[in-house]
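Written below as structure tokens is the structure these notes are about.
The values are calculated or read from the model by the stated rules, or taken from the named source; none is laboratory data. On a predicted model such as this, the values are computed, not experimentally measured, just so you know. No Cβ is skipped: glycine too gets one built from the backbone with ideal geometry, and neighbour counts run over all protein chains shown.
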Amino acid sequence: MGVTELEESSLLLDEKLLRFMDQLELLEEKRATLNTLIEQGWFSMSKARYSMGNKQVSALQYASEIEPLICVHARSLDTGKMDFCAERVSQKCSISGKDDRSIEDIGPQEEGVRKRIKSKKDVTKKETSEDASSEKAPEVPPVRKSDQNPQQDPLKWFGILVPQSLKQAQSSFKQVIDLSAEIATLQTAVLIARQDLMHSMKEKYTLQEKTSGAQLDKVAD
Amino acid sequence: MAGRGKLIAVIGDEDTCTGFLLGGIGELNKNRKPNFLVVEKDTSVTEIEETFKSFLARNDIGIILINQFIAEMIRHAIDAHMQSIPAVLEIPSKEHPYDASKDSILRRAKGMFSAEDFR
């Protein structure tokens, strides 16, 4: 009876150890990807710095108002593991949140070409001529300045026309952020697996001691 | 804040911070406190440690990214952090490539196979 219990616990321990090793391997793989992506990001940033100038891509360019575009959702699973999930904050939320504090924008609210206000006489004359021609110019809805949020994209901190390499750096770092959430999940999983494995190991040793003690008693009898 | 999720904080050199801020993780809260620290040559270890501890104390931070060479400076503080939130991730820097043998998580995992654990 004791031997089978010991065998069972050994098998369970092996299973846990294999799972733990798999997690470590996965962690190492993701780490390698993260390192490559970061390197790519730095390389692109250096290229952008070369074309824009040394001081143009530095901490001096950070905006005075910074709002996060990415957040992490952390939820604990039943096994005690933590699951981190990176999510992009939708622009709508940040705009609605900003409305209360936004500075009043002086100047025209509509962008683009505006029509001159005409007198009634001119309008009636025009109407008759317009009826003759069947084609009408399509109405373009005016774009309101408040709908756009130029401060939101960190690329804008570094200028309006930024080089492609800076955009590449941004996309690399975005990938790194997503990957870092996955790595954080894996790290907690590895630590939980380690604790679990140590607990099982101790259980196995106590069981082993018990069975060896029982066997010695049998031999003595 | 609860509905929005948690932030990612960075402690790193200028390029690391700039990169991650480009990615969109930066925040300056109502008290004008940033979720990042640009470590320069004249930044003291005490300042780094205090910032790291302040990030640990903030409940709106989910992950802390830190350059490994900076993590080495405050290793005792990183090793003392046992909670799963915020998770601490060591990342490489331009001058210092990532060394897995220095990573606190991997060292903890590796420690499982030492003789002491079998006692």
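Quick check, is A:Arg31 farther than 30 Å from A:Ile160 by Cα and either touching a Pro at 6+ places or on another chain (Cβ under 9 Å) or facing chain B (nearest Cβ under 9 Å) (or both)? Give the steps one after another, and end with the answer.
Values: farther than 30 Å from A:Ile160 by Cα: yes; either touching a Pro at 6+ places or on another chain (Cβ under 9 Å) or facing chain B (nearest Cβ under 9 Å) (or both): yes.
Yes; evaluated as a whole, the condition is true for this residue.
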In the set A:Leu17, A:Leu27, A:Leu34, which member is closer than 22 Å to B:Ser101 by Cβ and surrounded by fewer than 18 Cβ atoms within 10 Å (Cβ to Cβ)?
-> A:Leu17
Do we find a residue being touching a helix residue (DSSP H, G or I) at 6+ places or on another chain (Cβ under 6 Å) and at the interface with chain A (Cβ under 7 Å from one of its Cβ atoms) anywhere in the range B:3-14?
-> yes
Scanning the range A:41-75 for residues that are more than 8 Å from every other protein chain (Cβ to nearest Cβ) and not in a helix (DSSP H, G or I) gives A:Gly53, A:Ala63, A:Arg75
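For the condition away from chain A (no Cβ under 13 Å), surrounded by 14 or more Cβ atoms within 10 Å (Cβ to Cβ) and in a helix (DSSP H, G or I), what is the one hit in B:Phe20, B:Phe52?
On the way: B:Phe20 fails: away from chain A (no Cβ under 13 Å).
So the residue among B:Phe20, B:Phe52 that is away from chain A (no Cβ under 13 Å), surrounded by 14 or more Cβ atoms within 10 Å (Cβ to Cβ) and in a helix (DSSP H, G or I) is B:Phe52.
Within the range A:48-80, which residues are among the basic types (Lys, Arg) and within 19 Å of B:Asp13 (Cα to Cα)? First the steps, then the outcome.
So in the range A:48-80, the residues among the basic types (Lys, Arg) come out as A:49, A:55, A:75.
Hits for the range A:48-80 are A:Arg49, A:Lys55.
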Which condition does B:Glu90 not pass, out of (1) part of a loop (DSSP other than H, G, I, E, B); (2) buried (at least 17 other Cβ atoms within 10 Å of the Cβ), if it passes all the others?
-> (1)
Test result for B:Ile78, crowded, with 23+ Cβ neighbours inside 10 Å, touching a strand residue (DSSP E or B) at 6+ places or on another chain (Cβ under 8 Å) and within 13 Å of chain A (Cβ to nearest Cβ) | no
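One line per residue, one yes/no per condition, for (1) more than 7 Å from chain A (Cβ to nearest Cβ); (2) in contact with an Asp or Glu (Cβ under 7 Å, 6 or more places away or on another chain); (3) modelled with pLDDT of 95 or more:
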| site | (1), (2), (3) |
| --- | --- |
| B:Lys41 | yes, no, no |
| B:Asn59 | yes, no, no |
| B:Ile66 | yes, yes, yes |
| B:Ile105 | no, no, no |
| B:Glu116 | yes, no, no |
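Could you check the range A:168-177 and list, in sequence order, the residues that are within 9 Å of chain B (Cβ to nearest Cβ) and not aliphatic (A, V, I, L, M)? Don't jump to the end; show me each part of the working.
Kept after step one, since they are within 9 Å of chain B (Cβ to nearest Cβ), are these residues of the range A:168-177: A:169-177.
Within the range A:168-177, A:Gln170, A:Ser171, A:Ser172, A:Phe173, A:Lys174, A:Gln175 qualify.
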Given (1) farther than 18 Å from A:Leu34 by Cα; (2) under 12 Å from the mean Cα position of the chain (by Cα), B:Ala71 misses just (1)
Are there any pairs with C-beta distances below 6 angstrom linking a residue in the range A:21-36 that is farther than 19 Å from B:Pro92 by Cα to a residue that is surrounded by 15 or more Cβ atoms within 10 Å (Cβ to Cβ) and basic (Lys, Arg), with the two at least 6 apart or on different chains, and if so which?
-> none
